[in-house]
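Here is the structure we will look at.
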Amino acid sequence: MKRWWRTQGGWWLAWLVATAAGAAWLARAELVQLHESFDTDLRIAHRLLSQQVVQHDAVIATLALLAPGADTAAAQRLPAVYPSILAVRERRGDAGWSDAALAAAEAESRARKRPALADSALAQGRYRLVMGADPVSYALDIDFARIVPWADWPMDPQRSPAQVSIARESQRMVLQPGRGAQASGGWHFGFRKVLASDSQAFDVVAERRVGWAELPWRAMAGWAVAVGLLLAALAALQRQRTARRRAEELLRVGQAARLDALGELAAGMAHELNQPLTAVLANTQAARRLLDEAPPAIDTARDAMGQAAAQARRAADVVGRLRRVIERSEGAHAVQPLALQAAVRRALHLLEPECGQRGVAVHVEAAATPVQVLADPVALEQILHNLLMNALQALEDVPAKRRRIDVEVALREGQGLLAVADHGHGIAPDKLPRIFEPFFSTRDGGLGLGLSLSETLAAGMGGSLAAVPGRAEGARFELTLPLAA
């Protein structure tokens, strides 16, 4: 289960990280685009409004320049030409303004030599502009709502999510209400810029709220699916590579085990055949000597005995050659420093599918520091493979909840210890002394060479393999190997 989480959980984590990163990038790109569009629209709106108010400056300045010969009736016709101008007021000669605000604005206009703002009532959308001149001073009553050139306006005033207002000090006039501008949450865009007129210094203020619903959810979902498909393909490819490597390792271990088993079998056959062949040879040689002392009439018997002796020598030679060819050569695999924990991980990796199919849980209890031993890598792998396969086979007939293998790696009395224990039916006490004998097996159909070969391999590395007696449940085998310097 833990290994499954490390593998499958790692792929899920990679998918979550890649999906989150891609979704964040897509959302940020969408927000940047929305902000750029918002900023562009407001700059266009600012330029259009600035052109209108600058036009008012030009109109009132032109009136002041043409005042000595201007027709009063013509000045009063300006509202028909400029709908935003509601009325034109004049002050001639020494006559005073009836409104103190107009008088103050005229004084400011004369001092600055440009039109001046008398007052504003943005709540009603009105303000007055004054130009002080001689002999006639003018004042314009302007309707701000009519200033906006809606035909050229870059946004739909009813459907646009941006709220646009004209502000001056604490006064504000909403030109465009903005759909959803007062909503909470999400991201906020802001814009504020004064109109390009010194006399009509109104601020264009805009804001927009981008909600979660405006994020590119379809694109983000597509990205998540694409990442999932890509990672699924990579995971399948990795599983194929892992399965191929595992199969190659199992084939290599199986081939080595078969060769060693064949060597063990050949050695046993040679041991079993050498004694009777030697006896046949000795008996035939004795018979030949006796026949030599017999009457000469027994030549036929002498020849037969000679042929028997020759065949016996030939049989011994054949068996000897077979043993020399198949038997593992001395020192074929040199020992080297190895970490028992790493060997256990490799063996469990190879048998992971087998454990999963049988529903067997493997619990590893290993020392915190690597236990370095002197061992032959191939031989150690064979021993581990044999012990683990024996444990798996011992758990075939036990309930599913008891299907567990315990592997222990530790230091014991100056040697490296590797123990494999199962929770099966165990080994009968009367069979325990013969457990390492060649061709002896406690399992029906077993060849009886695995444990014998494992013991031989352990001894060849300077270690030992033993079965722990007296266990109430299951079998436990302990492999001890010398520590590396």
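The values are calculated or read from the model by the stated rules, or taken from the named source; none is laboratory data. These figures come from a predicted structure and were not determined experimentally. Neighbour counts run over all protein chains shown; Cβ positions are idealised from the backbone, glycine included.
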In the stretch 87-98, residues that are closer than 23 Å to Met173 by Cβ and either in contact with a Cys (Cβ under 7 Å, 6 or more places away or on another chain) or surrounded by 15 or more Cβ atoms within 10 Å (Cβ to Cβ) (or both) total 2
Within the set of pairs 6 or more residues apart or between chains, which connect a residue that is free of Cβ contacts under 8 Å to residues at least 60 places away in the same chain inside the stretch 352-369 to a residue that is among the polar types (S, T, N, Q) and surrounded by 14 or more Cβ atoms within 10 Å (Cβ to Cβ) with Cβ atoms less than 7 Å apart? Ala366/Gln341
Out of the stretch 111-137, which residues are under 14 Å from Ile166 (Cα atoms), assigned to a strand (DSSP E or B) and aliphatic (A, V, I, L, M)? Ala121
Say we look at the stretch 10-28 and pick out the residues that are surrounded by 15 or more Cβ atoms within 10 Å (Cβ to Cβ) and over 8 Å from the mean Cα position of the chain (by Cα); which of these is nearest to Gly228 (Cα to Cα)? Thr19
Test: Ala58 is assigned by TED's automatic domain parsing to the domain that holds Pro149, in a helix (DSSP H, G or I) and modelled with pLDDT of 90 or more: yes
Taking the stretch 138-167, which residues are among the aliphatic types (A, V, I, L, M), surrounded by 18 or more Cβ atoms within 10 Å (Cβ to Cβ) and not in a loop (DSSP other than H, G, I, E, B)? Ala139, Leu140, Ile142, Val164, Ile166
Does at least one position in the stretch 176-188 carry a residue that is without any contact (Cβ under 8 Å) to a residue 12 or more places away in the chain and either under 24 Å from Leu117 (Cα atoms) or part of a strand (DSSP E or B) (or both)? no
